[in-house]
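Shown next, in structure tokens, is the structure this report addresses.
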Amino acid sequence: MQYFVTGATGFIGKRLVKKLLERKGAVVHFLIRKDSEGKVKALRDFWGVSAARVVPVFGDLTSKKLGVSAEAVKQLKGKVDHFYHLAAIYDLGADESSQIEVNVDGTRNTVDFAKAIEAGHFHHVSSIAAAGLYEGVFREDMFNEAENYEHPYFRTKHESEKIVRTECKVPWSVYRPAMVVGDSQTGEMDKIDGPYYFFKLIQRMRQLLPPWLPSIGLEGGRVNIVPVDFVVAALNAISHQKGITSRCYHLVDPVGYRVGDVLDIFSRAAHAPKMNLFVNAALLGFIPRSVTKGLMALAPVRRVRNAIMKDLGLPEDMLTFVNYPTRFDSRDTLAALKGTGVECPNLKDYAWRLWDYWERHLDPDLHIDRSLRGTVGGKVVLVTGGSSGIGLAAAHKFAEAGAITLICGRDQKKLDEACAEAKGKGYKFIAYAVDISEQETCANFVQQVMQEHGGVDFLINNAGRSIRRAIESSYDRFHDYERTMQLNYFGSLRVTTGFLPGMVAKRKGHVVNISSIGVLTNAPRFSAYVASKAALDAWTRCASSEFADQGISFTTINMPLVRTPMIAPTNLYNNVPTLAPEEAADMIAQACIFKPVRIATRLGITGQILHAVLPRVAQIAMNTSFRMFPDSTAAKGAKPGDKADKPKLSAEAVAMQQMMRGIHF
């Protein structure tokens, strides 16, 4: 028996050809473009047969009679028993002209070609989309009853089927598969389509919420999903039967599910929160169309909507079909498949395979380079305060990752030592001795970097000064507040505003501001330091809003306590669990790779929530810790070299030290 197949290189077509070749003596002729001739060998390897059993026929779906040569037509004439037309665009997001050219004109060309070669039977693989948005149950003997098919995808599927029904001069049958997903046995799929569009949303929920937490889902309309192996098996079984001429078969799941049920099934497969409560999406219909249209006319609303849709990978038209109104009767298909052993598996039984394959092979994030090298390699990165501590550790990471790493600091000797250390490890730093708290020297520094490097791609505002002293010990030390503000706030702003014009001109750039956990917890004894960092945090939030549409992003890191020279004068910290500078540098690297708005520890977030929800309780807790831990000897006025007793801690203070990992006391 001989076959001709269009779309043999497609997801369904490849598998159908393989199934047809299982028949003894079967020979398959398949349409392929001349410029794709190089794919033929790989296709034969996939099908596992010799060249004599799979024969390429060169042509083009968009050409008259498929553009097949007269000689090839002559050789095929009267020899093809079954002609399968699968070539089409199965994409809601495709442009209208392309869909008309392929789905409509391509089908007409195929029908003409089938007549020219006098094919025995023409099998047209249509789609349930041919019914449009029909309200109710759509039977297999219905066609003209289709309604609301204005969308290009629905309309071209309807029109292509109409061509077969009215223009095909050889015996024909039509098959309408439902939404086709991956193989029910292997999960294999070649693209993101249909329910796969919601997988990223489910993945986000799994990342953010514990699996036991009940969640709310949309009930929506009914959606019909079938695995590709069922479609292929059903096509093969029905197309070889007698009495199928001029009939249509719905290759659908006879069960069918609502949109909310499908999302819940895949949520369970992904070990994401289960959807225990459903809201009927039809309820949103009470909102007048004029209101929604007016909202979408507002630029901020459109941008938020588009950003969410883009982040979740949802096509523009997807939400239009959430309330899909059509159900499909498949009694003729079930009758034809009776006794063949072919039946549609239950989605609940194979959903986990689909999810597993998607997450391993199709998740868009898999194709994004999430390494630090992929992010900063060849880019200019400036780390202020890069001669020691967190800044130096971060600079090493950037240089190792191939970044053009600039560091700046006030101490030339420390900068030289840092550069020598980098050279010993096989890379280099470019060091600048500058005090960014001084306006003129900072301006000259920015200008020099602009001239020598054309600006920076990543700016790490790490330089800072910390003072641990109670307010009651600072009545005569107003300069403490001035100098912390001068460096931590104004210094960071001088550098940032100096490089922002260059970032805006290139429409790209990322700024990482090293803040403190103290800003979230309002740590006692750090009023000068926390105030300066809080000012920087507030400025960053304003800047983020202003530059969001210009390719510039900002990350604030509310850094916990780190073992650096900054905390060395406070002996109290010797027994407090702290981060290593390398661990802090990892946080900075993650900020550059993923560009989140904020990075904070669970302790810091808890403190912020406590201050927002129970401010009086938070004040009492912080006051207790304030009275529990004394000022350092330096804060009390001791000078370097003075002998002083180390502050003694109570048992309660020691216990709290161990509990409060990373908090500034």
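The values are calculated or read from the model by the stated rules, or taken from the named source; none is laboratory data. Here the structure is a predicted model, which means the values were calculated and not measured. Backbone-built Cβ (ideal geometry, glycine too); neighbour counts: all protein chains shown.
Would you check which residues across the range 86-111 are in contact with a helix residue (DSSP H, G or I) (Cβ under 7 Å, 6 or more places away or on another chain), closer than 13 Å to residue 157 by Cα and of a type outside the set (D, E, K, R) and list them?
Residues satisfying the conditions are 86, 87, 88, 89, 92, 99, 100, 103, 104, 107.
Can you name the number of the only condition in (1) of a type outside the set (S, T, N, Q); (2) more than 23 Å from residue 8 (Cα to Cα); (3) under 32 Å from the mean Cα position of the chain (by Cα) that residue 242 fails?
Unmet for residue 242, out of (1) of a type outside the set (S, T, N, Q); (2) more than 23 Å from residue 8 (Cα to Cα); (3) under 32 Å from the mean Cα position of the chain (by Cα): (3).
Does residue 268 satisfy the criteria of being at pLDDT below 80 and either under 30 Å from residue 335 (Cβ atoms) or outside any loop (DSSP other than H, G, I, E, B) (or both)?
No.
Of the numbered conditions (1) within 37 Å of the chain's Cα centre (by Cα); (2) over 22 Å from residue 245 (Cα atoms); (3) crowded, with 17+ Cβ neighbours inside 10 Å, residue 86 fails exactly one; give the number of that condition.
(2)
Please go through (1) among the aromatic types (Phe, Trp, Tyr); (2) at pLDDT below 95; (3) assigned to a helix (DSSP H, G or I) for residue 134 and return the number of the only condition it doesn't satisfy.
Result: residue 134 passes all but (3).
Looking at 515, 532 in this structure, which one is touching a helix residue (DSSP H, G or I) at 6+ places or on another chain (Cβ under 9 Å) and closer than 17 Å to residue 608 by Cβ? Please lay out each step first, then the result.
On the way: 532 fails: closer than 17 Å to residue 608 by Cβ.
Answer to the check: 515.
Looking only at the range 142-163, decide whether some residue is surrounded by fewer than 17 Cβ atoms within 10 Å (Cβ to Cβ), among the hydroxyl-bearing types (Ser, Thr, Tyr) and part of a loop (DSSP other than H, G, I, E, B).
no
Pick from 202, 238: which is within 21 Å of residue 357 (Cα to Cα) and surrounded by 21 or more Cβ atoms within 10 Å (Cβ to Cβ)?
When all the criteria are applied, what remains is 202.
Please specify each residue of the range 381-414 satisfying the condition of being surrounded by 24 or more Cβ atoms within 10 Å (Cβ to Cβ) and of a type in the set (Lys, Arg).
Those that are surrounded by 24 or more Cβ atoms within 10 Å (Cβ to Cβ) and of a type in the set (Lys, Arg): none in the range 381-414.
Is one or more of the residues making up the range 170-180 in contact with a Cys (Cβ under 6 Å, 6 or more places away or on another chain), on the phi < 0 side of the Ramachandran plot and of a type in the set (A, V, I, L, M)?
yes
Do we have any residue at all in the range 552-569 that's of a type in the set (Gly, Ala, Ser), modelled with pLDDT under 80 and on the phi < 0 side of the Ramachandran plot?
Among the residues of the range 552-569, at least one is of a type in the set (Gly, Ala, Ser), modelled with pLDDT under 80 and on the phi < 0 side of the Ramachandran plot, which makes the answer yes.
Give all pairs with beta carbons closer than 8 Å in which a residue from the range 425-454 that is in the same structural domain as residue 404 (by TED's automatic domain parsing) meets a residue that is part of a helix (DSSP H, G or I) and basic (Lys, Arg); count only pairs at least 6 apart in sequence or on separate chains.
436/494; 437/483; 439/494; 442/494; 443/494; 446/494
For the list (1) buried (at least 21 other Cβ atoms within 10 Å of the Cβ); (2) more than 21 Å from residue 352 (Cα to Cα), I need the number of the one condition that residue 247 fails.
For residue 247, the failing item is (1).
Yes or no: residue 114 at negative phi and part of a helix (DSSP H, G or I)?
yes
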